[in-house]
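See structure below.
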Amino acid sequence: MARSRPQDLAAVLAPDPPVEPPPAVGDLAQALSRLRATIGGTTYPLVMPSAEEAKRIGAALVAQLDDYLLPRLARLDAPLLVVVGGSTGAGKSTLVNSLVRAPVTKAGVLRPTTRSPVLVSHPSDSSWFRNGQLLPGLTRTAESSTDPKTLQLVSAPALGPGLAFLDAPDIDSVVDRNRQLAAQLLAAADLWLFVTTAARYADAVPWELLTTARLRGTVIALVLDRVPADAAGEISAHLAEMLTARDMGGAPIFVLPESVLEGNGLLPEDVTRPLHDWFAQLAADSNARAAVVKQTLDGALAALGPAVAGLAEAADEQATAAKALDERVTAAYRTARRSMENGLQDGRLMRGEVLARWQEFVGTGELLRTLESRVGQLRDKIVSAVTGRPAPGRNLQAALESQLATLLRGVAADAAEQAYAAWQAHPAGTALLEPGLQKPSPDLPQRAERVIRDWQQYVLDLVRSEAGDKRVVARGAAYAVNGVGLTVMIAVFTSTAFIPTGAEVAVGAGTTVAAQKVLEAIFGDQAVRSLATRARTELIKRVNVLLDAEAARFTDRTAAVGLELQPGAALRQAAVEVERSREEVALTGTPS
Amino acid sequence: MSLVDRVKHALAGDDRVDAEQLVARLDALQRFLRVTDPYLPDNDLVAAHTLVERAGSRLALSQDHTVVALAGSTGSGKSSLFNALARLKLSPVGVRRPTTGVAHACVWGPLEPANRLLDWIGVLPRQRFIRESALDGDDEAALRGLVLLDLPDFDSVERGHRLEVDRLLGLVDQVVWVVDPQKYGDRVLHNAYLRQFKQHSDITIVVLNQADRLSPSDTDIVLTDLKRLLEEDGLTGVPALATSAKQPGMLNELREALEKTVAERQAALRRLSGDLDVVAEQLATTIGPPAAEDEVDRATVRQLSDALAASAGVPAVAAATAGAYRHRAIASTGWPLVRGMRKLRPDPLKRLHLSTDKPDAALEAEPVARTSLPEPDAAQKSAVGLSVRAVAARAAAPIPPVWAPALNTASRSRLGDLPDALDRAVAKTDLGMSRKPLWWGVVGLLQWVLTLTAVAGLGWLIAGYAVRVLGLPAFDNPKVGEVPLPTLLLLGGLLVGALLALLLRPIVNYGARRAGRRAEQRLRGAVTEVAREYVVAPVREVLNGYAQAREALTVVRSE
Ligand SMILES: Nc1nc2c(ncn2[C@@H]2O[C@H](COP(=O)(O)OP(=O)(O)OP(=O)(O)O)[C@@H](O)[C@H]2O)c(=O)[nH]1
Ligand SMILES: Nc1nc2c(ncn2[C@@H]2O[C@H](COP(=O)(O)OP(=O)(O)OP(=O)(O)O)[C@@H](O)[C@H]2O)c(=O)[nH]1
Ligand SMILES: [Mg+2]
Ligand SMILES: [Mg+2]
């Protein structure tokens, strides 16, 4: 018994479809190829809530373009493909066998039974399906198989030409591969024959699929199978109600009563008659067939726009996320840079070890001696050779080096920790992290010391080149350069906060004044200021290079995933072109 | 339960769950949670908290009742089976899917004692029925104590049903999964439900209902396939029975299974025991090898106290102590004429506002005045930060990484109080400068004597000179050798005093260095104490928590 009569078809389909193949089809095909390439080229490497979904949809769209849209567009007159889909055990295989009155596909009690699709067509149509433009990813076979990558082709003379049935695997069993394959096959259907049963019609999973089909504009017909005789009215009314509530009220429903199968496993002929007749009429009417083909095709094309828009959004989210991650790292290392600069500027570095060594350096008179004559140099050399103690100048240099290196390591450690925590708070960041990033790179201590030593060398070179002609330096040669160089380094830490406040006055002020005075006496105050400024700028520059390298440990990871700046734009552009061509082609006759 | 244990149990013929042991395991889990709550992320502990709470409630309620739920897809025949087992039409059966929207309960035996249990499970009073009537005679006696639940479905478009099922499945003692020939291979059934019960195979029964719709040979084929799927779900060996709600004879096996369950009164304990296994397995990732309390080794603590000492200005104080020693030594042993000048110069220790008195035990509670030591510089702060991190890292090394954040936080928990604590520690340390060495007094006295000698000589000479000027008869100055005594006294006193001061210089310097070293040692001791109290102790506390959690989890996992 069928609730819908064959005439209802007219209500399902658009009126009066054009028969001629429209001229702009070539443009549309080209636009589709471009869209396919763009979707295929878009990646979603960052772990985001939208990424998994986008990957899945992207792959499904590419598959649909290859499997169905492109080949169908190339041959609008090819036979109409009816994909029989639904839950496991709903009786899909039994129904296909019964419609063609032959056991072409295996039905059985095991759930699920069907593992690879079986396509049944009239012998005259089989060449179209065999040449493999439609669903090119599936290998054609003649025997039944359980390999999900094959498509078994069966000819059934009982079936009229122009119409083919495809028995699809289920959509809801434990076999995941079946569900993916079913989705792929349903995306390639010209008409969905959706099979459900009295026990199944309210299941959540099939309704999800029905909703996607509606959104895609696919032509749908439903079979409500295995209905207890006395419950037909109640159940079919309920199903119709559910369809209407989900905006699919127009789809025809065929209600098949629960019946004893015939010996060969087929349903009694009178049970399937309404359905059989409906299909026979469709097969006979080429206009109606073309209308179904075009409506589903046009619906699928129109659905590309919103789907691609979703992809574009996800792709843009990727770029935004990458940028946000980079910004978090930049912020952490900006803080590091600032604390380094502050540490250098406020004169506080001059209070501990460095101060003591400086006082020693000045207090023992080594500084002045370095500036005075070779005699001093000689005497100090002898003294240090005899006592085995390094000269105060060396001590000062070492103290400076270790203080700066410690400061640098400290800020780098803080920054690494901060950047790590910031990434951990971001879903994409968490996936990119590895535990080692929480700490600064293992060789940072060595590199930090290296940076400071190189800077000290730079200051000495600077003094040499700037002051080479100054008498006092010239006289003391290398030895004097050392003394002046150290003085310049001290001045770097003190010149902005020149007069220390509070308790330090007693300890420190004399010192820094002394440094300044010594330098001014040698170079003149303008030159002193410029020397100290250049030395500081250079130090900060070198430190920044080091911190940048530390930050790059993070940012390299976002760079490695290789995202463009605005990946969504290309997708949107390609979709707009497809939509424009679709409107020009006007498959269903009414340009929307 | 591992396979080996399972085999052992089977051989011992005893798979009963000991209630006392279960309670002990639950207590241990509670202990685990108490210890780890402040340290581990909430997400890791949610399941355990839920279980503790639920187990507490279930054990407090009737243990003479066994709550068995019929669960399954819509249309599988749960309500039909429920009615068939009760031999009454209690739960509506329908052709419209889904039919049952709320749980129905049937109690074998008097309703009253089961009511509190059903309140807790959340079955509405009007959905509760009793299966006991005088008409039955002893027919139903074997099921006395059974509380059978008919659940809604979990696979229909009604999402609310699924939420209700998920809630109820957490509370029941035993589950009978009702599947049918059409739906026994559904993904949602296996992935979302049966697989989640793989640790509960001892309270799981699966029935293939509507077996009357299959031929007997097909029934066997389907049952075999169903068992294969169950095995894939991890439910090896659970009973899989063919039933039919329409043919009374096909219910016997299920009835017998239920009678056995009811008679054993074990399902509730088995359920909780299985839940404990699941939770213990989840928690196992948070516990690794044992971590010693003194995981933070000496070298790490030394590094930390070095950094803290530098930031607390210990070298400066030590230097000031040496300076103060020198200052005071010279002030008390120097040439008395120079001493006065010395005293005009400030004492280096006082300049730092450090007291030199020995701290008085009675005044221990007195507020300690802040010192005037300079604030630590940026590099010293960095060094402290780095060594505090090192302490946390050292402690975190041997144990699972989930603990690392807690250790990090603990190591820094008192960082804010550290500067003040260090300052107090430095201020309170006895620098060993309260007592003047004895020899200073002796030498000081000697210097005075020498000075007095010189003064006496001078006085004598002046007196002699005055006598001569006044024309009085001159003294007859005694002579030592050629030199007159007064001259000798004057010059000798001056010379010996100066010489003494000069000779003592190296000794004073040596003493100053020693005083400096001693002060440094004591200060370091004090700083190390601070390091232990403010950084190491909080970290140890976490390690201690880890050790306790580890012990507790061992008990939870023992079976
Ligand atoms: N009595 C009766 N049995 C039916 C009917 N339709 C299907 N069956 C039985 O139901 C079982 C499943 O039928 P199939 O046709 O294999 O179902 P399917 O939808 O192809 O299932 P999968 O291949 O697993 O997706 C078989 O044992 C059929 O014999 C019916 O109308 N009446
Ligand atoms: N032949 C046969 N039919 C059954 C059997 N059990 C249930 N049915 C039928 O299956 C349909 C559904 O039965 P219910 O008991 O309402 O199923 P349910 O599992 O409670 O369904 P929900 O309440 O929707 O979850 C009814 O039409 C029953 O008559 C059985 O053992 N054999
Ligand atoms: Mg099939
Ligand atoms: Mg029900």
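The values are calculated or read from the model by the stated rules, or taken from the named source; none is laboratory data. As the structure is a prediction and not an experimental result, all values here were calculated from the model. Cβ placement follows ideal geometry from the backbone for every residue including glycine, while neighbour counts extend to all protein chains displayed.
Kindly check whether there is at least one residue in the range B:153-163 that is within 16 Å of ligand 4 (Cβ to nearest atom), at pLDDT 90 or above and in a strand (DSSP E or B). Within the range B:153-163, one or more residues are within 16 Å of ligand 4 (Cβ to nearest atom), at pLDDT 90 or above and in a strand (DSSP E or B). Among the listed residues A:G160, A:G217, A:G137, which satisfies the condition of being at positive phi, in contact (Cβ under 8 Å) with a residue 40 or more places away in the chain, more than 14 Å from chain B (Cβ to nearest Cβ) and of a type in the set (G, A, S)? Only one candidate qualifies: A:G217.
Entry remark, the range A:540-592: residues being at positive phi and in contact with a Ser or Thr (Cβ under 9 Å, 6 or more places away or on another chain) number 2 in total. Only residues that are within 14 Å of another protein chain (Cβ to nearest Cβ) and outside any loop (DSSP other than H, G, I, E, B) were counted across the range A:72-100, and they come to 4. Please verify whether A:R101 is under 38 Å from the mean Cα position of the chain (by Cα) and either more than 16 Å from ligand 4 (Cβ to nearest atom) or assigned by TED's automatic domain parsing to the domain that holds A:V292 (or both), treating the condition exactly as stated. Answer is no for this residue.
Quick one: would you say A:V47 is of a type in the set (V, I, T) and either within 16 Å of ligand 3 (Cβ to nearest atom) or closer than 16 Å to A:T296 by Cα (or both)? Even if it seems obvious, please write down each step before you answer.
Details: of a type in the set (V, I, T): yes; either within 16 Å of ligand 3 (Cβ to nearest atom) or closer than 16 Å to A:T296 by Cα (or both): no.
No: the conditions fail for A:V47.
Evaluate the following for B:V157: is it within 16 Å of ligand 2 (Cβ to nearest atom), free of Cβ contacts under 8 Å to residues at least 60 places away in the same chain, touching a strand residue (DSSP E or B) at 6+ places or on another chain (Cβ under 8 Å) and within 14 Å of chain A (Cβ to nearest Cβ)? Considered against the rule, which asks whether it is within 16 Å of ligand 2 (Cβ to nearest atom), free of Cβ contacts under 8 Å to residues at least 60 places away in the same chain, touching a strand residue (DSSP E or B) at 6+ places or on another chain (Cβ under 8 Å) and within 14 Å of chain A (Cβ to nearest Cβ), B:V157 comes out as yes.
Hydrophobic (A, V, I, L, M, F, W, C), over 14 Å from B:L230 (Cα atoms) and in a strand (DSSP E or B): does that describe B:V175? Don't jump to the end; show me each part of the working.
On the way: hydrophobic (A, V, I, L, M, F, W, C): yes; over 14 Å from B:L230 (Cα atoms): yes; in a strand (DSSP E or B): yes.
Yes; evaluated as a whole, the condition is true for this residue.
With respect to the conditions (1) at pLDDT 95 or above; (2) more than 10 Å from ligand 3 (Cβ to nearest atom); (3) farther than 19 Å from A:R179 by Cα, A:S87 lacks only one, and its number is (3). Kindly indicate whether A:K92 is surrounded by fewer than 24 Cβ atoms within 10 Å (Cβ to Cβ) and within 10 Å of ligand 3 (Cβ to nearest atom). Considered against the rule, which asks whether it is surrounded by fewer than 24 Cβ atoms within 10 Å (Cβ to Cβ) and within 10 Å of ligand 3 (Cβ to nearest atom), A:K92 comes out as no.
Which one of these is away from ligand 1 (no atom under 16 Å from the Cβ), in contact (Cβ under 8 Å) with a residue 12 or more places away in the chain and not acidic (D, E): A:P169, A:P123? It would help to see each step written out before you state the result.
Details: A:P169 fails: away from ligand 1 (no atom under 16 Å from the Cβ).
Sole residue among the options that is away from ligand 1 (no atom under 16 Å from the Cβ), in contact (Cβ under 8 Å) with a residue 12 or more places away in the chain and not acidic (D, E): A:P123.
Looking across the range B:62-99, the residues that are more than 16 Å from ligand 1 (Cβ to nearest atom), buried (at least 22 other Cβ atoms within 10 Å of the Cβ), outside any helix (DSSP H, G or I) and within 49 Å of the chain's Cα centre (by Cα) come down to B:H65, B:T66, B:V67, B:V68, B:A69, B:L70, B:A71, B:G72, B:T74.
Which residue out of A:L193, A:L209, A:L185 is away from chain B (no Cβ under 14 Å), within 34 Å of the chain's Cα centre (by Cα), closer than 29 Å to A:A291 by Cα and touching a residue at least 40 places away in the same chain (Cβ under 8 Å)?
Values: A:L193 fails: within 34 Å of the chain's Cα centre (by Cα); A:L209 fails: away from chain B (no Cβ under 14 Å).
Only one candidate passes the filter, namely A:L185.
Within the span defined as the range B:425-438, one or more residues are free of Cβ contacts under 8 Å to residues at least 40 places away in the same chain, closer than 22 Å to B:R339 by Cβ and part of a helix (DSSP H, G or I). Restricting attention to the range B:204-243, the residues being over 49 Å from the mean Cα position of the chain (by Cα) and at positive phi number 1. Here A:Q424 does not fit the description of being away from chain B (no Cβ under 12 Å), surrounded by fewer than 20 Cβ atoms within 10 Å (Cβ to Cβ) and either touching a Phe, Trp or Tyr at 6+ places or on another chain (Cβ under 7 Å) or not β-branched (V, I, T) (or both).
Taking (1) over 19 Å from B:A526 (Cα atoms); (2) at the interface with chain A (Cβ under 10 Å from one of its Cβ atoms); (3) not in a helix (DSSP H, G or I) in turn, B:I399 satisfies each apart from (2).
Taking each residue of the range A:526-544 that is outside the structural domain of A:L408 (by TED's automatic domain parsing) and looking for partners that are modelled with pLDDT under 90 with beta-carbon atoms closer than 9 Å, six or more apart or interchain, yields nothing. In the range A:197-206, the count of residues that are away from every other protein chain (no Cβ under 14 Å) and either in contact with a Pro (Cβ under 9 Å, 6 or more places away or on another chain) or more than 30 Å from B:D233 (Cβ to Cβ) (or both) is zero. Considering each residue of the range B:80-91 in turn, at least one proves to be under 27 Å from B:D202 (Cβ atoms) and within 14 Å of chain A (Cβ to nearest Cβ). Among the criteria (1) outside any loop (DSSP other than H, G, I, E, B); (2) at the interface with another protein chain (Cβ under 10 Å from one of its Cβ atoms); (3) of a type outside the set (A, V, I, L, M, F, W, C), the one B:E375 does not fulfil is (1).
In the range B:284-300, the qualifying residues are those that are touching a helix residue (DSSP H, G or I) at 6+ places or on another chain (Cβ under 6 Å) and modelled with pLDDT of 90 or more, and the one that is farthest from the other protein chains (Cβ to nearest Cβ) is B:I287.
Could you say which residue among B:V102, B:V123, B:V107 is away from chain A (no Cβ under 14 Å) and outside any loop (DSSP other than H, G, I, E, B)?
Only one candidate passes the filter, namely B:V107.
Note on the range A:427-451: residues that are within 11 Å of chain B (Cβ to nearest Cβ) and either free of Cβ contacts under 8 Å to residues at least 60 places away in the same chain or part of a helix (DSSP H, G or I) (or both) amount to 6. Being under 28 Å from A:R226 (Cβ atoms) and of a type in the set (S, T, N, Q) is the filter; apply it to the range B:76-115 and report the residue that is nearest to ligand 3 (Cβ to nearest atom). In this case the residue turns out to be B:S76.
Looking at the range B:88-107, which of its residues are free of Cβ contacts under 8 Å to residues at least 12 places away in the same chain and basic (K, R)? Residues satisfying the conditions are B:K89, B:R96. Scoring B:N83 on the criteria (1) out of contact with any Ser or Thr (no Cβ under 9 Å at 6 or more places or on another chain); (2) in contact (Cβ under 8 Å) with a residue 24 or more places away in the chain leaves a single failure, condition (1). If you scan the range B:497-517, which residues turn out to be surrounded by 18 or more Cβ atoms within 10 Å (Cβ to Cβ) and farther than 30 Å from B:A318 by Cβ? Selection gives B:G497 alone. Considering (1) part of a helix (DSSP H, G or I); (2) more than 26 Å from the chain's Cα centre (by Cα); (3) not hydroxyl-bearing (S, T, Y), the lone condition that A:R34 does not fulfil carries the number (2).
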